[in-house]
1. Going by the structure shown, is residue 151 under 21 Å from residue 210 (Cβ atoms), open to solvent by less than 80 Å² (accessible area, probe 1.4 Å) and of a type outside the set (Gly, Ala, Ser)?
2. Just one of (1) at pLDDT 90 or above; (2) out of contact with any Leu (no Cβ under 6 Å at 6 or more places or on another chain) trips up residue 199, so point out which.
3. Under the condition of being farther than 24 Å from residue 167 by Cα and charged (D, E, K, R), which residue from segment 125-142 is most open to solvent (accessible area, probe 1.4 Å)?
4. Quick one: residue 203 ticks every box in (1) buried (at least 17 other Cβ atoms within 10 Å of the Cβ); (2) without any contact (Cβ under 8 Å) to a residue 60 or more places away in the chain bar one, so which box is it?
5. Quick one: residue 166 ticks every box in (1) closer than 24 Å to residue 74 by Cβ; (2) modelled with pLDDT of 90 or more bar one, so which box is it?
6. Of the numbered conditions (1) open to solvent by less than 40 Å² (accessible area, probe 1.4 Å); (2) at pLDDT 90 or above; (3) in contact with a Leu (Cβ under 6 Å, 6 or more places away or on another chain), residue 106 satisfies every one except a single condition; which is it?
7. Tally the residues that are open to solvent by less than 20 Å² (accessible area, probe 1.4 Å) and assigned to a helix (DSSP H, G or I), restricting the search to segment 58-69.
8. Can residue 177 be described as among the hydrophobic types (A, V, I, L, M, F, W, C), farther than 23 Å from residue 113 by Cβ and modelled with pLDDT under 90?
Amino acid sequence: MRPYGRYYMVALKTFENLNEERKLEIIQASLEEFAMNEYRTASLSNIIKKLGLAKGSFYRYFENKQSLFFYVLDYCINLRIENDKKYITQEPQDFFDLMLLHIQSKIRFDQTQPLASIFFYNVLQERNSEELGNIWYISKQKGLDILEMTVDKFIEKGQLRTDMDAKLIAWSVFESVMSFMNYIEHRFQQDFGKNSKTLGKLYDMHEHELMNIAQQFVEIQKHGVSN
């Protein structure tokens, strides 16, 4: 069980006793609802209807929408971790090679797990939910903490500047990677929600095209935009 501020990922014992196939059906139906809607408008009724459950049966699995949301979030985090393990088997010696490799891993995650990717994107947009609290800040800070440790490591290797705050470097890199998705959506008029439903992926673009853009993002981080 992982903490999210004062909130916790909780599934009731009845859910844990289900077979893996049924648990996955419930998770996928819930993920689709949360991915396609803000938390405020996501409907338990829609999830229950899609699963063919009686409303009382669902509450034997999760206490409320909040606990289900955090369970799905935890599930998606594990998906992303396993994705990175699959594609990043060895850490490059160069920080910017590692940055590019992480973007490539994210692109492949977006292609293979589009609903989870949209869900993560939505989590970072959440601001005014009393039930979720400061989930957007906590989620972002987790990523920044991991990135800062990597930045510190490469500062010690002499690859990154020592006259700049590691937190600032980590922030700049994190925002660049985050803005990559925003750029793709805006520049190429990609409707992530629609693509996920109709194409089964976020981008209607080839990986090599996306990686060419990613390379330019990394070059800007490495060398800036001066001529």
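The values are calculated or read from the model by the stated rules, or taken from the named source; none is laboratory data. Quick caveat: nothing in here was measured; it's all calculated off a predicted structure. Don't worry about glycine lacking a Cβ; one is built from the backbone with ideal geometry, like all the others, and counts go over all protein chains shown. Remember, those area values only see protein heavy atoms, side chains included, never the ligands or the DNA or RNA. Shrake-Rupley method; radii C 1.70, N 1.55, O 1.52, S 1.80 Å.
1. no
2. (1)
3. The selected residue is 130.
4. Condition not satisfied by residue 203: (2).
5. Result: residue 166 fails condition (1) only.
6. (3)
7. Number of matching residues: 4.
8. no
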